[in-house]
Amino acid sequence: MYSEVTAGVTHGLRRLGGAVTGTVSRLGYAARFLVAVMWHSPQAFRRIGLTLREIYFAGVLSLVIILMSGMFVGMVLSLQGYETLKRYGADEQLGILVALALVRELGPVIAGLLFASRAGSAITAEIGLMKTTEQLAAMEMMAVDPLARVIAPRFWGGVISLPLLAGLFSAFGIFGGYLVGVRLIGIDAGAFWGQMQAGVEFWPDVTNGIIKSVVFAVAVSLIAVFEGYDSKPTAEGVSTATTRTVVISSLAILALDFVMTVFMFRGAGT
Amino acid sequence: MAEAPSAALHALQTRTDRAERRAPAIELSDVSFAYERRLVLRGITMRVPRGRIVAIMGGSGCGKTTMLRLIGGQLKPQSGRIIVAGQSVPDLDSDALYALRRRFGMLFQFGALFTDMSVFENIAFPMREHTDLSEELIRDLVLMKLHAVGLRGAAALMPAELSGGMARRVALARAIALDPMVVMYDEPFAGLDPISLGVIGQLIRKLNDALGITSVVVTHDVYESLKIVDYLYFVSEGRIVASGTPDEVRASTDSYVRQFVDGEPDGPVPFHYPAPAYQSELLNHVQ
């Protein structure tokens, strides 16, 4: 009995240790991968057409989902905000509520989550399939480094696209808030825009939103290209890598958002 | 007097050129390789003379493709020497390895064409990556390569629109795009219909002779290989178990060669995966 318990505990500890060392090792590998991507980035920018193509695939093709989602989120935010503000007789503050919520928080976070689902998963699947069908190996044998030709342009395509998409998400969210608040509910348009103009500062509100979206963009793009490049060259391997991209990116965005919010707004009195 | 150093230099250069021509294009000496703890190749020694087609034959999983990856520098051996064009591949740094690979062409098992590019763009890819040729010249060269494999009319098609045999021919055109010194073929005959099989076999032979290429063909298609290659190595369980010219192979009485050539299910390569005695396993189950 005693030996069984000991064996069970030992087995559990061994598995825990294995998981911890495995995670640390993978993080180290991802860090080295990031350094390698950075090293090859000048080549990606020298041939800007490659990066522009990825901006089109990751950014432009994500516009519909980002703009539609932004507008709906802004409309819902306006409805919910109005109901709450009305209780305190502050319904004319609706513009500032919608704008701050979107610019500081919802724009970068929701755009990041949507980007991870729409573009991040596509990047991982594409790179994973290129690996499975030996396209990356063929490139290596043609003396073309896949990190420079395939990975770096996709990484920078994501890094450039997401902050722009987050900005558009917020803009369309504010427009959605305007449609519901001013056009539907009947709040004075001057008050809506005036309060927003007076209450939203470029620093720290807008810049913090930009910083967040850039950090999310780096995280999601790195996770997407890394998972694709590191995927097992099988159908199951590509499927697992795609799922991991969405799950890990989503968790990373939410965790990074919390950490950054703590540092950005602690003691700011806002 | 003034011409003496030049003449001596010329003689030295000529001797060097001759020596280089005499030296094999590829030479493996006592090469061993393991994936983690699983030993895949054990003491492989082989030579591929310049301008010849050499086949590496053996059953699935015997380490044939691993040998190609070692020659191409994608893997490093645990021990032994791999010399390609006079350079020790495992000792090359990244830049030197990429410089050497520019003199390689490789045909992958299923073509490995870039699926987001047309046939034309696939063949133009290595030219655009490694040369500063004008678009007009690239167009002419691509059409020339496609004409050589009989697919000039398919230049505008996407890889998804090609049959397996056509994809293999396009990949072959891409492999010779930069007139390489060595072309490696990984299972070029796998999964092809008889006509495509014959076409690919003939293309390998003709292109090798016309362009002065050295070819290494990894395959398990014994009949097609015997028609086109100059020399064969048989690999089993990570070792070279037999070698010879096609005529020597046909006449061989070696049990492994006979099993492979005649397609016998049992022999030196057993039909059954190692297992306990069948009778005892059944009886244990009953008990």
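The values are calculated or read from the model by the stated rules, or taken from the named source; none is laboratory data. Since the model is a prediction, treat every value here as computed from it, not as a measurement. Backbone-built Cβ (ideal geometry, glycine too); neighbour counts: all protein chains shown.
Brief remarks on what is shown
- Residue count, the range A:39-79 (criterion: at pLDDT 95 or above, farther than 23 Å from A:ALA125 by Cβ and among the polar types (S, T, N, Q)): 1
- Of the residues B:LEU146, B:LEU157, the single one that is closer than 26 Å to B:SER196 by Cβ, surrounded by 19 or more Cβ atoms within 10 Å (Cβ to Cβ) and away from chain A (no Cβ under 13 Å) is B:LEU146.
- Criterion applied to A:PRO233, A:PRO146, A:PRO153 was being within 14 Å of chain B (Cβ to nearest Cβ), more than 15 Å from A:GLY112 (Cα to Cα) and crowded, with 23+ Cβ neighbours inside 10 Å, and the one residue passing it is A:PRO153.
- Remark: pairs (first residue in the range A:52-81, more than 14 Å from A:LEU102 (Cα to Cα) and assigned to a helix (DSSP H, G or I); second residue modelled with pLDDT of 95 or more and of a type in the set (D, E, K, R); Cβ separation under 7 Å; 6+ apart in sequence or on different chains) = A:GLU54/A:ARG154; A:SER62/A:ARG118; A:ILE65/A:ARG118.
Residues are listed down the side, and each one gets a yes or a no for (1) part of a helix (DSSP H, G or I); (2) more than 12 Å from chain A (Cβ to nearest Cβ); (3) out of contact with any Pro (no Cβ under 8 Å at 6 or more places or on another chain); (4) at pLDDT below 95:
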| residue | (1), (2), (3), (4) |
| --- | --- |
| B:GLY105 | no, no, no, yes |
| B:GLY165 | yes, yes, yes, yes |
| B:PRO188 | no, yes, yes, yes |
| B:VAL199 | yes, yes, yes, yes |
| B:ARG205 | yes, yes, yes, yes |
| B:ASN208 | yes, yes, yes, yes |
| B:VAL218 | no, yes, yes, yes |
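- Helices (runs of 4 or more DSSP H) (entirely within the range A:90-139) containing at least 2 residues that are hydroxyl-bearing (Ser, Thr, Tyr), touching a His at 6+ places or on another chain (Cβ under 7 Å) and within 14 Å of another protein chain (Cβ to nearest Cβ): none
- Residue that is surrounded by the fewest Cβ atoms within 10 Å (Cβ to Cβ) [pool: residues in the range B:83-103 that are more than 10 Å from chain A (Cβ to nearest Cβ) and assigned to a loop (DSSP other than H, G, I, E, B)]: B:ASP93
- So B:MET127, is it surrounded by fewer than 17 Cβ atoms within 10 Å (Cβ to Cβ) and touching a helix residue (DSSP H, G or I) at 6+ places or on another chain (Cβ under 8 Å): no
- Residue within the range B:136-143 that is at negative phi, within 14 Å of chain A (Cβ to nearest Cβ) and not hydrophobic (A, V, I, L, M, F, W, C) present: no
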